Amino acid sequence: MRKNILKVWDLPSTGVTASLVIISVIFLIGSLAGCSLAGHTNSEGEAALSRYLDGFLNIVSSNEMVKPEFVFILWKAIRWPLLVIFLGLTPIGLIGIPILILIRSFLLSFSIASFYQVSGPDGLLFSFVLFGITGLIYIPILFVFGIQSFLRAGTIIGRITGENRRTGSLKRSEWIRFSICAIVLLLFCFIEYTTGPAVLKTAAEMLIH
């Protein structure tokens, strides 16, 4: 049983380390760029961010906040993995996937750093509730899809150039891996849908007071 589980999660040995390093470095670069941009915001930008944050917190802490539909939460969770998978089915995935990872990490770090820039440690705590909890699930899954799709894009280019004759069809282990990640995403989306608004409201009330 244990061997079967390990086999499902065993990625092709060729290029896995390189793919992991490339994606990790790109993610780090995007994160540093997002933090740097947030840290260099001028006084007018900080004032605008402060007004936005105050308005957002007031809405969240009051009963005016409309609970998001499950479809919205689901789309928010799967849009990045879907884009990565789609790019991995094309030769442009070797360039498109790193760019996508760069954008994802930049937006995430910029948002978190902006909260910290405006409200200090309290803003950092609130940003963790808003982005970090879901990120602990969504980002690792994005890495799984990213590495697998990056390798597949390389395989497609190898077939085009004649350097690799491996078939482009998905293996059984890949389907199982994708299915497990999809189930985890669905489960966490349901948890976020049922408990997310209450947790977010509590965090907003703590930050206001």
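Every number in this text was worked out from the coordinates using simple rules, so none of it is lab data. Quick caveat: nothing in here was measured; it's all calculated off a predicted structure. No Cβ is skipped: glycine too gets one built from the backbone with ideal geometry, and neighbour counts run over all protein chains shown.
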> What's the local net charge at Tyr193, with K and R +1, D and E -1, over the other residues with C-beta under 14 Å away?
Replying inline: 0
> Distance in nm between label sites at Ile160 and Arg172, each 7 Å beyond Cα in the beta-carbon direction?
Replying inline: 3.1
> What length, rounded to one decimal in nm, is gained on full extension from His40 through to Thr202, with 0.36 nm per residue of separation minus their alpha-carbon distance?
Replying inline: 55.3 nm
> Rounded, prolate or oblate: which fits region 102-191 when a ≥ b ≥ c are the square roots of the eigenvalues of the alpha-carbon gyration tensor, with rounded for a/c under 1.5 and prolate only if a/b beats b/c?
Replying inline: oblate
> Could you give the nm distance between label points at Tyr52 and Phe72, where each point is 7 Å from its Cα heading toward the beta carbon?
Replying inline: 1.7
> With a ≥ b ≥ c the root eigenvalues of the C-alpha gyration tensor of region 69-130, is it rounded (a/c under 1.5), prolate (a/b larger than b/c) or oblate?
Replying inline: oblate
